[in-house]
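What follows is a single structure, written as structure tokens, with notes after it.
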Amino acid sequence: MSKAAFYNKVTPPYQRPGLSVLGIGVEYPPYQIEPKDVTTLARRFYPSTPALEKVLTINEYTGIDSRSAIGTIDHPIVNGKDAPSIAELCDLFLDHGVKLSVAACQKAIEQWGGDLSEITHIVATTCTNSANPGFDHYVVKQLGLNTSIEKVLLHGIGCSGGMAALRTAANIALGSSFRQKPARILVLACEISSTLVRSELDSILQNEEIRIGVCLFSDCASAMILGNEFSNRDGEEPILELLGWDHRIIDDTEKDLGFDVDPLGWKVVLTHRVPKLATGAVPAMFDDLVSSIPELVDASKFKASDYDWALHPGGATIISGIQSAMRLREDLLRASYEVYMAHGNSSSATFFSVMKQLLSGPTTEHIIGCAFGPGIAVEMMVFKRCEPSRGGSASPAETLVAEDVD
């Protein structure tokens, strides 16, 4: 799209959102589950079947070295005669999950440097707990936040939850900006997925299903502080500016990606179509989002390879599919690969972890965030780094390769 076409398209005139990420916190539990551990647990409780053997073979080739978990494969919750009930899983989440969440929030708040009394809202999400009151209620109490804080708990958004929560927080912050009031929003995602292993193995055995969720998911809590341009004090140092966002649903995909409640927890729905569907949705969405932001249009940053990507690592084929479809060098997805290999897929909590990892070193000036959730829903965002940017990390050889590809 030309600059003239862009400016004719935007109505009303573009205005910067005035939103900044002020802190990021990530907390993984202390244990690591390796691929061989899943095989050990499966052999401990289940007979060999074609479906199980297929899943265990897939488990060896996911590209994940280890997955973070609240316990080892010898933890009592996964070593009973039967899979744990949803009531047992709830109790465990409200213990371990809340503790992880509080720790992640404290890290984000510490990086921000603000006072707890300044936090105006909390937007939280999880797909591995359904307690009422929600887990965010207990996080608010344990952090010592004001009881007048405005809470929002999102459900039904799965792996895209971190970005969906941030999008929701952004729109709330814009409402506060309209009223010329400060907004400092704690955005939180937490998942305890490792404890669902027995339920998933039950389904593999009973239904002879190839269920790969048992090979991918892990435990984590992560948090961000998002603020608008109004403040009651000086001295804040933004990490990122949030420039724009988009959310779209891919038609006729409700049965391809999901996470359904079950008496023994939740069941992952993940068909073989997901990588292709997700990959196919990204190019047009990227073009539309980039063309809606004047500074990117003015800089002619129309190529996906102009940006580092904080992509939710839903699986190896998701990452490699986006890399191919968007013609990206592997280094532009380095944080997604690194988090996936070291920790696995922690569903909604993974995106903030990927962003934290990406920001641990130099980056491009602008960053693209992207994630996929049940529906299939796609979330995408554009960030601008406020700290010193990389300005271009590619070696001369990589630059030549990129020019050939693009």
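Checking each residue of the range 195-207 against the condition of being more than 17 Å from the chain's Cα centre (by Cα), under 20 Å from His312 (Cα atoms) and at pLDDT below 95 gives no match.
Between Leu201, Leu166, Leu174, Leu145, the distinction of being of a type in the set (A, V, I, L, M) and surrounded by fewer than 17 Cβ atoms within 10 Å (Cβ to Cβ) belongs to Leu174 only. The combined condition, being in contact with a Ser or Thr (Cβ under 9 Å, 6 or more places away or on another chain) and closer than 21 Å to Thr350 by Cα, is fulfilled by Ala108. Considered as a group, the residues in the range 296-312 that are among the charged types (D, E, K, R) and modelled with pLDDT of 95 or more include one that is farthest from Glu330 (Cα to Cα), and that residue is Lys301. The residue of the range 123-142 that is surrounded by the most Cβ atoms within 10 Å (Cβ to Cβ), among those that are within 20 Å of Gly265 (Cβ to Cβ) and of a type in the set (Val, Ile, Thr), is Thr125. In this structure, does Asn146 turn out to be of a type in the set (S, T, N, Q), more than 17 Å from Leu94 (Cα to Cα) and part of a loop (DSSP other than H, G, I, E, B)? Against the criterion (of a type in the set (S, T, N, Q), more than 17 Å from Leu94 (Cα to Cα) and part of a loop (DSSP other than H, G, I, E, B)), Asn146 qualifies. When you scan the range 119-133, do you find a residue that is in contact with a strand residue (DSSP E or B) (Cβ under 6 Å, 6 or more places away or on another chain), at negative phi and part of a helix (DSSP H, G or I), even just one? No; the residues of the range 119-133 include none that is in contact with a strand residue (DSSP E or B) (Cβ under 6 Å, 6 or more places away or on another chain), at negative phi and part of a helix (DSSP H, G or I).
Table: residues versus (1) in a loop (DSSP other than H, G, I, E, B); (2) of a type in the set (Val, Ile, Thr).
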{"position": "Ser177", "(1), (2)": "no, no"}
{"position": "Gln180", "(1), (2)": "yes, no"}
{"position": "Ile185", "(1), (2)": "no, yes"}
{"position": "Gln206", "(1), (2)": "no, no"}
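Checking each residue in the range 280-328 for being surrounded by 17 or more Cβ atoms within 10 Å (Cβ to Cβ) and among the β-branched types (Val, Ile, Thr) picks out Val282, Val290, Ile293, Val297, Ile318, Ile319, Ile322. The set of residues in the range 332-367 that are touching a residue at least 40 places away in the same chain (Cβ under 8 Å), surrounded by 24 or more Cβ atoms within 10 Å (Cβ to Cβ) and of a type in the set (Val, Ile, Thr) comprises Thr350, Val354, Thr363. For the range 44-74, filtered to residues that are part of a loop (DSSP other than H, G, I, E, B), polar (S, T, N, Q) and without any contact (Cβ under 8 Å) to a residue 60 or more places away in the chain, the residue that is farthest from Ser203 (Cα to Cα) is Thr72.
Contact annotation: residue pairs with Cβ atoms under 8 Å, 6 or more positions apart or on different chains, pairing a residue in the range 202-218 that is within 21 Å of Lys36 (Cβ to Cβ) with a partner that is part of a helix (DSSP H, G or I) and among the hydroxyl-bearing types (Ser, Thr, Tyr), are Arg211/Ser203; Phe217/Ser194; Phe217/Ser347; Ser218/Ser194.
Mind checking whether some residue in the range 82-93 is assigned by TED's automatic domain parsing to the domain that holds Phe135, assigned to a helix (DSSP H, G or I) and hydroxyl-bearing (Ser, Thr, Tyr)? No, every residue in the range 82-93 fails to be assigned by TED's automatic domain parsing to the domain that holds Phe135, assigned to a helix (DSSP H, G or I) and hydroxyl-bearing (Ser, Thr, Tyr). The test for being basic (Lys, Arg), at pLDDT below 95 and on the phi < 0 side of the Ramachandran plot does not hold for Arg329. When Arg184, Arg179 are checked against the criterion of being of a type in the set (D, E, K, R), assigned by TED's automatic domain parsing to the domain that holds Val123, surrounded by fewer than 19 Cβ atoms within 10 Å (Cβ to Cβ) and under 30 Å from Leu240 (Cα atoms), a single residue qualifies: Arg179. Run Ile239 past the list (1) at pLDDT 85 or above; (2) over 30 Å from Gly63 (Cβ atoms) and report the number of the one that doesn't hold. Of (1) at pLDDT 85 or above; (2) over 30 Å from Gly63 (Cβ atoms), only one is false for Ile239: (2).
Rundown of residues vs (1) assigned to a helix (DSSP H, G or I); (2) within 22 Å of Val269 (Cα to Cα), yes/no style:
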{"position": "Ile322", "(1), (2)": "yes, yes"}
{"position": "Tyr337", "(1), (2)": "yes, no"}
{"position": "Thr350", "(1), (2)": "yes, yes"}
{"position": "Ser353", "(1), (2)": "yes, no"}
{"position": "Ser360", "(1), (2)": "no, no"}
{"position": "Thr363", "(1), (2)": "no, no"}
{"position": "Ile368", "(1), (2)": "no, no"}
{"position": "Val378", "(1), (2)": "no, yes"}
{"position": "Val382", "(1), (2)": "no, no"}
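Pairs linking a residue in the range 290-316 that is more than 16 Å from Arg327 (Cβ to Cβ) to a residue that is part of a loop (DSSP other than H, G, I, E, B) and not hydrophobic (A, V, I, L, M, F, W, C), with Cβ atoms under 8 Å and 6 or more positions apart or on different chains, are Ser292/Tyr14; Ile293/Tyr14; Pro294/Tyr14; Val297/Ser291; Gly315/Thr62; Ala316/Thr62; Ala316/Gly63.
Among the residues of the range 208-218, write down those that are part of a helix (DSSP H, G or I) and modelled with pLDDT of 90 or more. Result: Val214, Cys215, Leu216.
The values are calculated or read from the model by the stated rules, or taken from the named source; none is laboratory data. Being a predicted model, the structure only gives us computed values, none of them experimental. Note that each Cβ is placed from the backbone with ideal geometry, even for glycine, and that neighbours are counted across all protein chains shown.
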